[in-house]
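Written below as structure tokens is the structure these notes are about.
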Amino acid sequence: MPPLIAQLQKLAQGYQGFHTPGHQRGRGAPALLRQWWGETVFTADLAEIPGLDNLLQPEGILRQAQDRVAGIFGAEHTWFLVNGATAGVLASLLAVQREQGTVILPRQVHQSVIHGLILTGAKPIFITPEWDESQQVWGGIDPQKLRIILQEKINHKITALVLNSPSYKGVCGNVKECIEIAHKFQVPVIVDEAQGAHFPFHAQLPDSALNWGADVVIHSTHKVLTSLTQSALLHQQGNRIASERLSQCLRLVQSSSPSYLLLASLVATAEQMAHQGEALFTQLLTNAARLTTAINQLPGCRTLKINTSQPGFSTQDPTRLVIQTQGLGMTGFWLDELLHQRYQITAEFPDYGDLTFILSPGHTWAEMQILLDALQVISQNRQSQQLSLLPSLPPVTEGFLSPRDAFFAPQVALPWPEAAGRISAGTLSPYPPGIPVLIPGELITPAVVAYLTCIDQMGGQIVGCDGEQKIPVVSNW
């Protein structure tokens, strides 16, 4: 048994606690929760009492546990994250930042990366990712475009390259090539591999960025692996980003009251992968291939299959099932609602032209058969409606202010048409496609306003508008 879990079990019995948490091993917990969850979950919900170490300064049992997990994942150093992968992204950006620093990143990064720019004051250089028109899906960045930018900006203070791979839909970019190019220019690489924490555990899965020499890799272990929600891992290797600096920056963004339920789940998941990972994913990948084949045989149903001969599209995660819905005559939003309301099936991520499902070791063929049966009925009753294609993204606009300066400047919210010509004070990400069209500091052009209006009319959601058709702008610019 892992030492951390053994210690938690030991401390759950025979000790009288006069410390946090207030439920005191469940004795004071609400009856509703005790009846629902049972007693065990409360006995393991302990504070950083003697024998359990300190997550922000681990020197004992947590240090040993992190070292063990680093070995399992193939990293030099690993830190447990209890504030999600977001904490790892923020700490990484803080660790590399220096005065007037610049970060190169793809446009379709997670919102936590934009938040990291705001917190650090770093200036972004965006590279638009590659777009597959036939599949209506985004890939990664073209390595040659990265090379050109690094050559052009050689005199800038480039503090890091940030990559996100795989995408939410399981598309992996040319990570290996991008890392090699960045390192030739002495630029450290941070890879947000939140969606690919399972990659190290089966030969038929894509390679982890750790294999390609990424300096920092962030894993969200509750996505496909089996730890509790909000738990994640931060990995480091090499000497381009100091481990001591990462530890220091993690103290800025991690809770000082970590949940030992989350920590225990990270340890148990890593051990599960070390001993059973290959067998679990062998079974999962067999079932996933069977399910994908069966779905593609249904009239109107087609699953995403990328063209790996084009830049930005190196491979695809087989645990992401992306059903393209054009042939069914409905949007991914409609299919998502239909499956949820009529068949009690909940997908991961609806988009305009597809619906994404996550397949994990927690799925057996029985659950997959339920999904297949529902899709068979929907296929038989498919519509003949033709869906229009998504409009092209407007060009990335000029950044007049750094994201930090714009975010902290006095601001006012204006209706979309009135905001044209002003400087954005917020981040606006239309879903679909989920790529920010504005971040703080950028000029709001008529093309951006027209794009937002089009996505809204198609039934999409504009994240960052707080439910109103208004854009936060810098008021004194």
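The values are calculated or read from the model by the stated rules, or taken from the named source; none is laboratory data. As the structure is a computational prediction, the values presented were derived from the model and not from experiment. Here Cβ is always computed from backbone atoms with ideal geometry, including for glycine, and neighbour counts include all displayed protein chains.
Scanning the range 37-71 for residues that are loosely packed, with under 14 Cβ neighbours inside 10 Å and touching a Phe, Trp or Tyr at 6+ places or on another chain (Cβ under 9 Å) turns up Ala47, Ile49.
Exactly one residue out of Leu339, Leu359, Leu387 is more than 28 Å from Leu105 (Cα to Cα), surrounded by 17 or more Cβ atoms within 10 Å (Cβ to Cβ), in contact (Cβ under 8 Å) with a residue 60 or more places away in the chain and over 23 Å from the mean Cα position of the chain (by Cα): that is Leu387. Kindly indicate whether Ala374 is out of contact with any Phe, Trp or Tyr (no Cβ under 7 Å at 6 or more places or on another chain), farther than 30 Å from Trp212 by Cα and surrounded by fewer than 18 Cβ atoms within 10 Å (Cβ to Cβ). Spelling it out, it is not the case that Ala374 is out of contact with any Phe, Trp or Tyr (no Cβ under 7 Å at 6 or more places or on another chain), farther than 30 Å from Trp212 by Cα and surrounded by fewer than 18 Cβ atoms within 10 Å (Cβ to Cβ). Within the range 58-105, the residues that satisfy the criterion of being in a loop (DSSP other than H, G, I, E, B) and either without any contact (Cβ under 8 Å) to a residue 12 or more places away in the chain or not polar (S, T, N, Q) (or both) are Pro58, Glu59, Gly60, Gly74, Ala75, Glu76, Val82, Arg98, Glu99, Gly101. Tell me which residues, restricted to the range 321-344, are of a type in the set (Ser, Thr, Tyr) and part of a helix (DSSP H, G or I). Tyr343, the sole residue that qualifies. Here the condition is being surrounded by fewer than 17 Cβ atoms within 10 Å (Cβ to Cβ), touching a Phe, Trp or Tyr at 6+ places or on another chain (Cβ under 8 Å) and under 26 Å from Met330 (Cβ atoms); of Gly434, Gly459, it holds for Gly459 alone. Checking Phe126, Phe80 one by one, the residue that is within 20 Å of Ile241 (Cα to Cα) and not aliphatic (A, V, I, L, M) is Phe80 and no other.
Restricting attention to the range 435-477, the residues being among the hydroxyl-bearing types (Ser, Thr, Tyr) and touching a helix residue (DSSP H, G or I) at 6+ places or on another chain (Cβ under 8 Å) number 1. Residue-level analysis places Ala47 outside the set of residues that are modelled with pLDDT of 90 or more, farther than 21 Å from Gln254 by Cα, among the aliphatic types (A, V, I, L, M) and in a loop (DSSP other than H, G, I, E, B).
Filtered by the rule that a residue be surrounded by fewer than 19 Cβ atoms within 10 Å (Cβ to Cβ) and not in a loop (DSSP other than H, G, I, E, B), the range 227-246 gives Ser243, Glu244, Arg245.
Entry remark, the range 153-193: residues being part of a loop (DSSP other than H, G, I, E, B), surrounded by 19 or more Cβ atoms within 10 Å (Cβ to Cβ) and not hydroxyl-bearing (Ser, Thr, Tyr) number 8 in total. Among the residues of the range 402-436, those identified as hydrophobic (A, V, I, L, M, F, W, C), assigned to a loop (DSSP other than H, G, I, E, B) and touching a strand residue (DSSP E or B) at 6+ places or on another chain (Cβ under 6 Å) are Ala409, Ala425.
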